[in-house]
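The next block holds one structure in the form of structure tokens; read it before the comments.
The values are calculated or read from the model by the stated rules, or taken from the named source; none is laboratory data. From a predicted model like this one, the values you see are computed outputs, not experimental measurements. Cβ placement follows ideal geometry from the backbone for every residue including glycine, while neighbour counts extend to all protein chains displayed.
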Amino acid sequence: MTYDVLIVDDNDLVRKTLEKVLEIHSLSCISATNGSAAFDMLNQNPVKFIISDIDMPVMNGLELAKKVRVSHPDVIIVAYTGSSGCVFMDEAETYFHKIYHKSESALIMAKQIKNILEEQLALA
């Protein structure tokens, strides 16, 4: 099965909240608790979009984005972080379509993601 969005976050509450908000906007979701699990999941379940926390154990969001860019270059990747002073933010901007701060509304983020996906479908 192909899903619209893969959500990657080690915080259960954040991950489940994002899933519910995206599903309200008719986006099918799968989720993982770290970058390594997400990469394995991506290889088994194609997605169009990844939303990833940056700061996670096992494999962080930037490491995940680097691997995805090589193996799945058509997947759109956005990051969100609770940290305002991420030490690799300059490098992260190279790999992510957009970087959100966790204080931003999940509803606004969901609408923007849906718009990005619709734009991509129109181009295809």
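A few points about this structure:
- Qualifying residue in segment 75-96 (condition: in a helix (DSSP H, G or I) and at pLDDT 90 or above): no
- Only one of Tyr80, Tyr3 that is in contact (Cβ under 8 Å) with a residue 24 or more places away in the chain, surrounded by 20 or more Cβ atoms within 10 Å (Cβ to Cβ), closer than 22 Å to Glu119 by Cα and out of contact with any Leu (no Cβ under 6 Å at 6 or more places or on another chain): Tyr80
- Scanning segment 12-27 for residues that are surrounded by 14 or more Cβ atoms within 10 Å (Cβ to Cβ) and in contact (Cβ under 8 Å) with a residue 40 or more places away in the chain turns up Val14, Thr17, Leu18, Val21, Leu22, His25, Leu27.
- Close pairs from segment 41-67: first at positive phi, partner surrounded by fewer than 23 Cβ atoms within 10 Å (Cβ to Cβ), Cβ under 7 Å, at least 6 apart: Val58/Asn34; Val58/Ser36
- Condition check for Lys111: at pLDDT below 85, touching a strand residue (DSSP E or B) at 6+ places or on another chain (Cβ under 8 Å) and under 19 Å from Lys20 (Cα atoms): no
- Residue that is nearest to Asn115 (Cα to Cα) [pool: residues in segment 28-41 that are touching a helix residue (DSSP H, G or I) at 6+ places or on another chain (Cβ under 7 Å) and crowded, with 19+ Cβ neighbours inside 10 Å]: Cys29
A quick yes/no check of all residues on (1) modelled with pLDDT under 90; (2) of a type in the set (Ser, Thr, Tyr):
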site: Val5; (1), (2): no, no
site: Ser28; (1), (2): yes, yes
site: Ala32; (1), (2): no, no
site: Ser36; (1), (2): no, yes
site: Asn43; (1), (2): no, no
site: Ile50; (1), (2): no, no
site: Ile54; (1), (2): yes, no
site: Lys66; (1), (2): no, no
